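Below is one structure, written out as structure tokens; comments come after it.
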There are 2 protein chains.
Amino acid sequence: MKGQGIILKFELIGKSTECRARRGVLETLHGVIQTPVFMPVGTLGTVKALSVEDIKTCGAQIILGNTYHLYLRPGCEVIDLFGGLHRFMNWDRPILTDSGGFQFFSLAQLTKTTEEGVSFQSHIDGSRHMFTPEMAVTVQESLDSDILMCLDECLAYPSTFEAAEKSLALTTRWAARCRTEWLEKTGCKNALFGIVQGGMYKELRTRSAEELGTLDFPGYAIGGLSVGEPKDLMYDLADHTLPYLPADKPRYIMGVGTPEDLVELTAMGADMFDCVMPSRNARNGKLFTTFGDINIANACHRTDTRPLDETCTCETCRNYSRAYLRHLYKASELLAYRLNTIHNIHYYCTLMETMRKAIEEDRFETFRREFYDKRQGETEP
Amino acid sequence: MKGQGIILKFELIGKSTECRARRGVLETLHGVIQTPVFMPVGTLGTVKALSVEDIKTCGAQIILGNTYHLYLRPGCEVIDLFGGLHRFMNWDRPILTDSGGFQFFSLAQLTKTTEEGVSFQSHIDGSRHMFTPEMAVTVQESLDSDILMCLDECLAYPSTFEAAEKSLALTTRWAARCRTEWLEKTGCKNALFGIVQGGMYKELRTRSAEELGTLDFPGYAIGGLSVGEPKDLMYDLADHTLPYLPADKPRYIMGVGTPEDLVELTAMGADMFDCVMPSRNARNGKLFTTFGDINIANACHRTDTRPLDETCTCETCRNYSRAYLRHLYKASELLAYRLNTIHNIHYYCTLMETMRKAIEEDRFETFRREFYDKRQGETEP
């Protein structure tokens, strides 16, 4: 499979000597990504409340699109008219799409899994659909996503060992079918990542990583974390699983997490992250800062003329006060959602940039200590 | 009163020979305004869905703030901390504020008018407040508005001649009190405009204009139009009243209207306009274009790769298709409201710019004919 027209290149350009943190460069058809990287979630062809210019100004190098959502709305036939998601939404940097696997189980209704694939009912209009591993690849390819994800089965938490083992086996068979479809039908100009599952069982995580490893994907993700398990268990599983993923391939932890999670998982050697937390929290008035988390609705901000974070260079902090942001938020003004989202996405992207620099200069532990010291300053309910 | 530190200057630099359209320049402490001008409405210290950068990019020279809304939320004591509305909302161009008169009658509850002023109950928390003409000036002055409006009584439509006459007399007495407060307490660095009322009775409109004329305000508005009366009657009243306003002062028609209204009223000699229509319609998917009005929710736009208006240079039309805008709108994505509002506000500001140029080049009638010809192209339900 190697060299079959695969555009994605991954090069490690630095490693911490204090922990497993890695500094890499990922090349795609739509541009170069410096890793470790955070990918803002753009579910429906828009990072909620932001324009593409906003997303760039926040420092985002790549965004994530949700295949399930885009397949249902506006539908592939619309996006096809634009030759893919990039031109449809006017975003010229890389895009990673998920396979829909997570949404079939978390959002769709009457989901039924067979060897063939997943049948489900749309959460929007109740229409019935069937998704196979092959379709997951075809649909993502039609979106012209730079990084495609294999269709995986997402397990409920908690699950028995037997259920997790059975599900993992299906995910592996589906991954092989995705790979065949990708190799034979797409030209491989976009990359396909495998997704490690296995529930909360280290033994199964190891098995999944090893089985997928033999399929030699251009990159690997760990799925099924942060699904309700205790934080320590999530860290323990990630710490266990990451070393089983090929060291020369990008490693992506799906759907995680808090700023603290990004720091810990980067220290364990993860390269890529996505999470709705910065954008969703922003819309709920929860704002991340260097000095802790702020709830902008709190009365203490009513007459506060300071910016959210005096060390932040985002558009929101450069131009607006906490008093103004609280006023907008309390009045449910649309601008509140945008300014809050700009700040949170900028915070996440800047945190990753700071970590990249710390790895380059091999002072990750110093960075980590300072990060935690500062974050204890001001956390509000 | 003349020359008592009044900063506002108004100069007429052109007149149509075909109609009464005027081309002027209005100087305020926060910058120069080319008239005729449209002022986007920024009710709560934000033009809904737009940032101040967006507002500027749309071509807005001045925005309107609503005194009633800002007085209740966030409250003057908050805006005072910033030395006024400009710094609070980060807008460095001119601001005009209304007096609250219209909102006391349209939005507040249990409104009671006496000679002294208006008592009302907040539509937000039911708290009781009292507003006098003097307070209207004080509050607007504390907002550091460039153009303040006198407190007026807004009449229900329809009203009897007797009711309109009585109301108009009160509005005139209040205007005199506003003027005294402004002259004696504010230093007159910001301008105060009088508001002509008189319901749907030409005789009363004449009387109002003449009485206010003797008070020699820096500018004049016509209030109480577009409150439910037939369009012909509105035009007839404006056409009648405008010539009674001092020719060397700016003339502002409040709360009006459609693109067609702006063209007709400019032809009659009005200089300033404000209306929620472009922003409110945008949030409801109704978009103004050179070729008529579009309802972006309509199915015909689902696969339309063209911009809203191929002759438009706004950010929305330069970067996004109708198909994308329809998708965002149907999915209730926040970006829809912003992109739609950018287009509509840009359309209004550009229309005014086109009219200014037509007046300068004395071809207003040619402009007007072309405007109507084109607008018949594509109007949707």
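Per the Kirkwood formula applied to alpha carbons, segment B:283-375 shows a radius of gyration over Rh ratio, Rg over Rh, of 1.03.
Computed over segment A:3-100, the alpha-carbon pair-distance distribution with 5 angstrom bins reads 3, 12, 20, 21, 18, 14, 8, 4, 2, 1, each value a whole percent. Placing unit charges on C-beta atoms (Lys and Arg positive, Asp and Glu negative, everything else neutral), compute the dipole magnitude of the protein assembly as shown about its Cα centre in debye, rounded to 20. In debye, rounded to 20, the protein assembly as shown gives about 60. Under the definition of Cα pairs under 8 Å and six or more residues apart, what whole-number percent is the relative contact order of segment B:283-375? Reported as a whole number, the value is 30 percent.
Computed from phi, the 3J(HN,Hα) profile of segment A:242-257 under the Karplus parametrisation 6.51, -1.76, 1.60 (θ = phi - 60°) reads 3, x, 7, 7, x, 5, 8, 10, x, 10, 10, 9, 7, x, 10, x Hz, with x in place of Gly and Pro. Rounded to the nearest 20 debye, the dipole size of chain B about its Cα centre is 680 debye, using +1 on the Cβ of Lys and Arg and -1 on the Cβ of Asp and Glu. For segment B:66-197, taking the reciprocal of the average inverse distance between every pair of different Cα atoms yields a Kirkwood hydrodynamic radius of 15.1 Å. Computed over the protein assembly as shown, the quotient of the alpha carbon radius of gyration and 2.2 N^0.38 Å is 1.11.
Which pairs, out of B:Lys112/B:Lys189; B:Lys15/B:Lys374; A:Lys357/B:Lys48; A:Lys166/A:Lys189; B:Lys286/B:Lys374; A:Lys48/A:Lys166, put more than 27 Å between their alpha-carbon atoms? Pairs exceeding 27 Å: B:Lys112/B:Lys189; A:Lys357/B:Lys48; A:Lys166/A:Lys189; A:Lys48/A:Lys166.
Rg/Rh, computed from the Cα trace of segment A:125-201 with Rh as the Kirkwood radius, has the value 1.03.
Straight-line reach from B:Lys185: taking Cα to Cα under 18 Å and skipping same-chain neighbours fewer than 8 places apart, the aspartates and glutamates in range are B:Asp80, B:Glu134, B:Glu141, B:Asp144, B:Asp146, B:Asp216.
Please enumerate, by chain and number, the lysines with C-alpha under 19 Å from the C-alpha of A:Lys231, excluding those fewer than 8 residues away in the same chain. Output for A:Lys231: A:Lys202.
Of interest is the spacing of the C-alpha centroids, which for segment B:4-57 and segment A:236-315 amounts to 44 Å. Rounded to the nearest Å, what's the spacing between the alpha carbon centres of segment B:191-231 and segment B:128-173? Just the number, please. If we compute the Cα centre of each part, the gap is 12 Å.
Ordering A:Thr266, A:Thr366 from the fewest to the most neighbouring beta carbons within 10 Å gives A:Thr366, A:Thr266. Shown here for segment B:26-132: GluC sites (Glu not before Pro) in loop regions (DSSP other than H, G, I, E, B) with at most 15 other Cβ atoms within 10 Å, namely B:Glu115, B:Glu116.
Across chain A, the relative contact order, built from alpha-carbon pairs under 8 Å that are at least six residues apart, equals 19 percent. The ranking of A:Ser321, B:Ser142, B:Ser99 by Cβ neighbour count inside 10 Å, starting from the fewest, reads B:Ser142, A:Ser321, B:Ser99. Per residue, the average separation of C-alpha pairs within less than 8 Å and at least 6 apart gives segment B:1-143 a relative contact order of 17 percent. Applying the criteria of a DSSP loop state and at most 13 other Cβ atoms within 10 Å to the GluC sites (Glu not before Pro) of segment B:214-317 yields B:Glu310.
Could you work out the local net charge near A:Lys330, counting Lys and Arg as +1, Asp and Glu as -1, over the other residues with Cβ closer than 11 Å to its Cβ?
Local net charge: +2.
Considering helices alone, the calculated mean residue ellipticity of chain B at 222 nm is -12000 deg cm²/dmol, with DSSP H runs of length four and up weighted by -39500 (n - 2.57) and normalised per residue.
Between copies, the label points at A:Thr160 (set 7 angstrom from Cα along Cα-to-Cβ) are spaced 8.5 nm, reported in nanometres from shortest to longest. Could you grab the Rg to Rh ratio for chain A? Cα atoms only, Kirkwood for Rh. For chain A, the value is 0.96. Going from the fewest other Cβ atoms within 10 Å to the most, the residues A:Val47, A:Val263, A:Val276 appear in the order A:Val276, A:Val263, A:Val47.
Values in this text are rule-based calculations from the coordinates and carry no lab data. Since the model is a prediction, treat every value here as computed from it, not as a measurement. Using ideal geometry, Cβ is built from the backbone for each residue, glycine included, and neighbour counts are taken over all protein chains shown.
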